[in-house]
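Engineer: Just dropping this structure here.
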Amino acid sequence: MPERPDLEYVVPILDRETRGLTIAAVEVRKPVVLRLTVAGTPEALLCGRRIGSVRRRAHFVVFALDGDAPLEIAVNPMLAGRFALEPGRSRARTDVALALSLSDGRVLRYRDDVQMGKVYVIARGAWTKVPGLQTIGVDVLDQRLFTLAKLRELARQRRDQVKVFLMDKSVIDAFGNAYADEVLWEARIHPKKMARGLDDDELDRLHRAIVGVLRNACDTIRRRKPPLDEKLRDFLNVRGRAGEPCRRCGTKLRRARVRADDSIFCPQCQPDVRGTSIVDWRKL
């Protein structure tokens, strides 16, 4: 999925480029991704609506649509979803799930080749209609809210592994697989260590890593200015590098399962003191 640094780059572009434009036409190419929570067809609900703003809410991209009964389009891109803003006459790729023709002649396309993402049309503020949209955790990039004391408080309430804790978006805003792995590698903490078992030194390192890794990633992506539909990952230290040498100590990076997700870690820098890692050696 596009993660926090990706969305911090993409959302301001979408807001700048589409704010004030009107939706002229709607094309639903992959109906499985679209969820309507208000009565009507996509065309009847969306055509003629002016885009008031675009903002991020956790892992969602939320488009505010003006009108007598204001609506929102809440997009959860999940694993493979991405946006493209292209000339109206440009040829659409086969992975386009939804296309909104805009009043300036361009088309906003939501692309998803595995159709895991979801596009919800809801009444403005009806966040309870969308799983994961209502309850959002503490913003880790807000230094007033995400203090070391706050992290300690949250971690000591948990009864699960630290990577599961990091990826709970109702508690922390917001991590996916890639940056959870990066943060834990930076903090030298094994992904399967129990969150409530972290000592003060580990929590100090984790807090510094969360803030530092995400800020660096946001700065890197903003500086390199990738295309809107490209997820920049080549600067990451562990994600996508299973079997390669650790950039810190040279040990071969390994892969383990953490609940339903995989996790990449360094067995030397992030020792598994409980012996809980189950490594799929075929994927190293």
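The values are calculated or read from the model by the stated rules, or taken from the named source; none is laboratory data. This structure is a prediction, so every number in the text was calculated from the model and none was measured. When we count neighbours, we look across all protein chains shown, and the Cβ atoms used for this are built from the backbone with ideal geometry, even at glycine.
Engineer: Looking at (1) surrounded by fewer than 17 Cβ atoms within 10 Å (Cβ to Cβ); (2) under 22 Å from the mean Cα position of the chain (by Cα), which one does THR18 not meet, given that it meets all the others?
Structural biologist: Failed condition: (1).
Engineer: Could you tell me how many of the residues in the range 88-122 are among the basic types (Lys, Arg), within 20 Å of LYS231 (Cβ to Cβ) and modelled with pLDDT of 95 or more?
Structural biologist: Final tally of qualifying residues: 3.
Engineer: Whether any residue in the range 105-115 is touching a Phe, Trp or Tyr at 6+ places or on another chain (Cβ under 9 Å) and outside any strand (DSSP E or B) is what I want to check. Break it down stepwise before answering.
Structural biologist: At the first step, the residues of the range 105-115 found to be touching a Phe, Trp or Tyr at 6+ places or on another chain (Cβ under 9 Å) are 108-111.
After this cut, where a residue has to be outside any strand (DSSP E or B) as well, the list is none.
No, every residue in the range 105-115 fails to be touching a Phe, Trp or Tyr at 6+ places or on another chain (Cβ under 9 Å) and outside any strand (DSSP E or B).
Engineer: Suppose the filter is closer than 25 Å to PRO226 by Cβ, modelled with pLDDT of 95 or more, surrounded by 18 or more Cβ atoms within 10 Å (Cβ to Cβ) and touching a Leu at 6+ places or on another chain (Cβ under 9 Å); does VAL62 pass it?
Structural biologist: For VAL62, the condition - closer than 25 Å to PRO226 by Cβ, modelled with pLDDT of 95 or more, surrounded by 18 or more Cβ atoms within 10 Å (Cβ to Cβ) and touching a Leu at 6+ places or on another chain (Cβ under 9 Å) - is met.
Engineer: Let me ask you something else. Of the residues in the range 2-34, how many are touching a helix residue (DSSP H, G or I) at 6+ places or on another chain (Cβ under 8 Å) and under 13 Å from ALA58 (Cα atoms)?
Structural biologist: 6
Engineer: Between a first residue in the range 41-66 that is under 30 Å from GLY176 (Cβ atoms) and a second residue that is aromatic (Phe, Trp, Tyr) and not in a loop (DSSP other than H, G, I, E, B), which pairs have beta carbons less than 6 Å apart while being 6 or more apart in sequence or on different chains?
Structural biologist: ILE51/PHE63; VAL54/PHE63
Engineer: On to the next question. Could you say which residue among LYS283, LYS252 is out of contact with any Phe, Trp or Tyr (no Cβ under 6 Å at 6 or more places or on another chain), modelled with pLDDT of 95 or more and not polar (S, T, N, Q)?
Structural biologist: Of LYS283, LYS252, the one residue that is out of contact with any Phe, Trp or Tyr (no Cβ under 6 Å at 6 or more places or on another chain), modelled with pLDDT of 95 or more and not polar (S, T, N, Q) is LYS252.
Engineer: Which condition does ASP68 not pass, out of (1) crowded, with 20+ Cβ neighbours inside 10 Å; (2) at pLDDT below 95, if it passes all the others?
Structural biologist: (1)
Engineer: Please identify the pairs in which a residue from the range 221-248 that is on the phi > 0 side of the Ramachandran plot has its Cβ atom under 8 Å from the Cβ atom of a residue that is in a loop (DSSP other than H, G, I, E, B) and not hydroxyl-bearing (Ser, Thr, Tyr), counting only partners at least 6 apart or on another chain.
Structural biologist: Close Cβ pairs satisfying both conditions: GLY240/ARG233; GLY243/LEU253; GLY243/LEU284.
Engineer: Still on this structure, I have one more. Any chance the range 136-148 includes a residue that's more than 19 Å from LEU214 (Cα to Cα) and either surrounded by 17 or more Cβ atoms within 10 Å (Cβ to Cβ) or at pLDDT 95 or above (or both)?
Structural biologist: To start, the set of residues in the range 136-148 that are more than 19 Å from LEU214 (Cα to Cα) comprises none.
No: zero hits.
Engineer: If a residue has to be among the charged types (D, E, K, R) and either free of Cβ contacts under 8 Å to residues at least 60 places away in the same chain or part of a loop (DSSP other than H, G, I, E, B) (or both) to count, how many in the range 161-177 make the cut?
Structural biologist: 2
Engineer: Can you find, within the range 21-41, the residue that is surrounded by the fewest Cβ atoms within 10 Å (Cβ to Cβ) among those that are over 22 Å from LYS129 (Cα atoms) and charged (D, E, K, R)?
Structural biologist: GLU27
Engineer: Now for a separate question. So is GLY132 among the small types (Gly, Ala, Ser), surrounded by fewer than 18 Cβ atoms within 10 Å (Cβ to Cβ) and in contact (Cβ under 8 Å) with a residue 40 or more places away in the chain or not?
Structural biologist: Numbers: among the small types (Gly, Ala, Ser): yes; surrounded by fewer than 18 Cβ atoms within 10 Å (Cβ to Cβ): yes; in contact (Cβ under 8 Å) with a residue 40 or more places away in the chain: yes.
Criteria met by GLY132.
Engineer: So, one more: Out of everything in the range 187-200 that is in contact (Cβ under 8 Å) with a residue 24 or more places away in the chain and surrounded by fewer than 22 Cβ atoms within 10 Å (Cβ to Cβ), what residue ends up being farthest from GLU3 (Cα to Cα)? Step through it out loud before you land on a result.
Structural biologist: Let us first name the residues in the range 187-200 that are in contact (Cβ under 8 Å) with a residue 24 or more places away in the chain, namely 188-196, 198, 200.
Still in the running and surrounded by fewer than 22 Cβ atoms within 10 Å (Cβ to Cβ): 188, 193-194, 196, 200.
On the way: ARG188: 21, LYS193: 23, MET194: 24, ARG196: 25, ASP200: 28 Å.
Across the range 187-200, the extreme among qualifying residues is ASP200.
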